[in-house]
Amino acid sequence: MKIAFTTLGCKLNYAETSTYERGFLAAGWEVVPWTQQADVYLINTCAVTETAEKKSRNLIRRAHKTAPEARIAVTGCYAELRKEQLQTLEGVWKVFGANEKKQIVPETVEGALVPSTNSSKNVDGTTFGAYSSGERTRSFLKVQDGCDNFCAYCTVPFARGRSRNIPVCEAVKQAREIAAQGIKEVVLTGVNTGDFGRTTGERFLDLLKALNEVEGIERYRISSIEPNLITPEIVDWIASGTKFQRHFHIPLQSGSDTLLRRVGRRYDTALFASRIDYIRQAMERPGEPLVFFGIDVIVGLPGETEELFQETYTFLKERIRPAFIHVFPYSRRPGTRAAEWKDQVQDSVKTERVARLEALCEELHSSFVAANKGLREKVLWESSVKNGLMGGYTGNYIRVEQPSDPDKFNTIEDIII
Ligand code: SF4
């Protein structure tokens with residue numbers, strides 16, 4: 001039997017698709033490229049914006065056009081939020097919701113042999129460990145899923161369910177599997193990664209300590225962590241000399257306390273700034289590389305006046321000075337509290353503010369790279385070559401390139417930035 005995959009959205013989705021792929025290969029199926037004829041197409045959807053939903057529907061239509069007889073299985077956040085709607089689309093055989101992901105491989109393998117029925121068995125609501133294995137140098141390891149925060153603009157808790165996690169021992173087992181494939185860097189991923197331990201009673205710090213001991217994995221990154229969950233205790237441990245890199249991706253969303261309070265974020269700008277300060281004090285020394293902060297910001301949240309936007313701009317430019325700003329225009333999501341608010345911001349205003357923050361990001365990123373020039377750091381060389389150059393990221397997430405040398409692929413080298 002032949003199966004083809006396509007994935008939209010976040011690192012979590014890619015880790016899950018990669019895990020399904022290993023399951024089908026283990027069942028003796030052949031994985032073929034998305035554009036080729038297959039018996040089954042599996043689409044891992046995203047619902048973070050209206051555009052993502054539209055792309056998901058287009059992929060379903062394209063699969064049906066490519067192979068009208070094939071069965072189309074749909075999963076991911078859009079599948080959880082709009083199950084009935086998706087089930088009516090032509091060619092769709094099964095829609096697997098957030099709590100049915102463990103069933104995807106067994107039911108599809110079994111289903112391929114019997115006439116189709118629409119219902120799938122409801123399972124226990126726990127999460128399953130997943131990791132990506134498509135790349136040689138880096139793997140995304142899913143350790144947590146779901147979220148209990150219900151920020152006013154966010155559909156993720158509806159799409160991925162309550163906060164839950166795999167046990168530390170399972171994460172260690174998965175990291176060992178990744179190491180056995182020769183992969184040297186692992187990116188811990190989840191929906192609210194720092195909320196790890198909700199369903200097992202274990203601590204996020206205990207997870208980090210256990211993973212740090214796994215032989216063969218030389219570097220770890222945390223894909224994203226809420227500011228209120230990156231505690232001084234965790235920072236002190238990371239700063240004590242571990243495999244966790246000088247790289248933190250922390251969602252701010254807005255630099256205005258008025259908006260942070262309104263959308264229900266669990267911190268204010270004072271706490272946010274104090275965590276950044278604490279990390280810098282604990283991890284930056286004269287003559288050593290600086291810590292890379294990647295900060296998420298949503299532009300155009302309902303009620304965001306020019307004054308409130310300016311608070312965000314100034315907070316980033318003058319107080320936090322991150323290395324990178326991930327800028328997202330607010331997307332009105334059905335079913336969220338913010339979608340009902342009257343004071344929505346016009347798209348043209350959002351577009352203009354996105355452009356201003358992206359320009360600031362370029363400025364800050366250039367000064368971050370310049371501030372690290374001449375310092376010693378370690379780079380993990382990747383195996384992809386472009387224009388005769390190989391590339392890689394330093395521990396503090398600066399992209400560097402050198403003339404390609406296959407002997408160095410997937411090795412860690414000391415360099416001067
Ligand atoms: S913490 Fe993140 S995932 Fe959870 S509701 Fe808020 S924005 Fe969504």
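The values are calculated or read from the model by the stated rules, or taken from the named source; none is laboratory data. For clarity, every value in this text was computed on a predicted model and none was experimentally measured. We place every Cβ from the backbone using ideal geometry, glycine too, and count neighbours over all the protein chains shown. Keep in mind that these areas ignore ligands, DNA and RNA; they rest on the heavy atoms of the full protein, side chains included. Shrake-Rupley method; radii C 1.70, N 1.55, O 1.52, S 1.80 Å.
Summary of values
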| item | result |
| --- | --- |
| Helices (runs of 4 or more DSSP H) lying entirely in the range 33-89 (those with 3 or more residues that are in contact with a His (Cβ under 7 Å, 6 or more places away or on another chain) and closer than 23 Å to residue 22 by Cβ) | none |
| Any pair with Cβ under 6 angstrom, 6 or more apart, that starts in the range 273-296 at a residue that is within 16 Å of residue 370 (Cα to Cα) and ends at one that is among the aromatic types (Phe, Trp, Tyr) and open to solvent by 50 Å² or more (accessible area, probe 1.4 Å) | 292/397 |
| Only listed residue being part of a helix (DSSP H, G or I) and open to solvent by less than 70 Å² (accessible area, probe 1.4 Å), chosen from 293, 315 | 315 |
| Residue check, residue 245 away from the ligand (no atom under 15 Å from the Cβ), of a type in the set (S, T, N, Q) and assigned to a strand (DSSP E or B) | yes |
| Selection count where residues are of a type outside the set (A, V, I, L, M, F, W, C) and open to solvent by 50 Å² or more (accessible area, probe 1.4 Å), scope the range 1-17 | 3 |
| Any pair with Cβ under 6 angstrom, 6 or more apart, that starts in the range 184-201 at a residue that is under 30 Å from residue 411 (Cα atoms) and ends at one that is more than 16 Å from the ligand (Cβ to nearest atom) and among the aromatic types (Phe, Trp, Tyr) | 186/220; 187/140; 189/140 |
| Residue in the range 330-344 that is within 30 Å of residue 46 (Cα to Cα), assigned to a strand (DSSP E or B) and touching a residue at least 24 places away in the same chain (Cβ under 8 Å) present | no |
| Members of the range 252-264 that are in contact (Cβ under 8 Å) with a residue 24 or more places away in the chain, within 15 Å of the ligand (Cβ to nearest atom) and either open to solvent by less than 30 Å² (accessible area, probe 1.4 Å) or at positive phi (or both) | 252, 253, 254, 259, 263, 264 |
| Output for the range 324-349, where each listed residue is open to solvent by 20 Å² or more (accessible area, probe 1.4 Å), under 28 Å from residue 248 (Cα atoms) and of a type in the set (D, E, K, R) | 332 |
| Verdict on residue 294 being modelled with pLDDT under 95 and within 26 Å of residue 394 (Cα to Cα) | no |
| Meets criteria (more than 18 Å from the chain's Cα centre (by Cα), part of a loop (DSSP other than H, G, I, E, B), of a type in the set (D, E, K, R) and at pLDDT below 95) for residue 121 | yes |
| Hits in the range 90-113 (condition: part of a helix (DSSP H, G or I), small (Gly, Ala, Ser) and closer than 26 Å to residue 11 by Cβ) | 98 |
| Some residue of the range 98-105 being touching a Ser or Thr at 6+ places or on another chain (Cβ under 9 Å) and on the phi > 0 side of the Ramachandran plot | no |
| Only one of 53, 90 that is more than 25 Å from residue 158 (Cα to Cα) and touching a helix residue (DSSP H, G or I) at 6+ places or on another chain (Cβ under 9 Å) | 90 |
| Filter result for the condition that a residue is in contact (Cβ under 8 Å) with a residue 24 or more places away in the chain, under 30 Å from residue 216 (Cα atoms) and of a type outside the set (S, T, N, Q), over 309, 244 | 244 |
| Residues of the range 1-32 satisfying the condition of being of a type in the set (A, V, I, L, M) and more than 13 Å from the chain's Cα centre (by Cα) | 1, 3, 4, 25, 26, 27, 31, 32 |
| Total residues in the range 22-32, condition part of a helix (DSSP H, G or I) and open to solvent by 60 Å² or more (accessible area, probe 1.4 Å) | 3 |
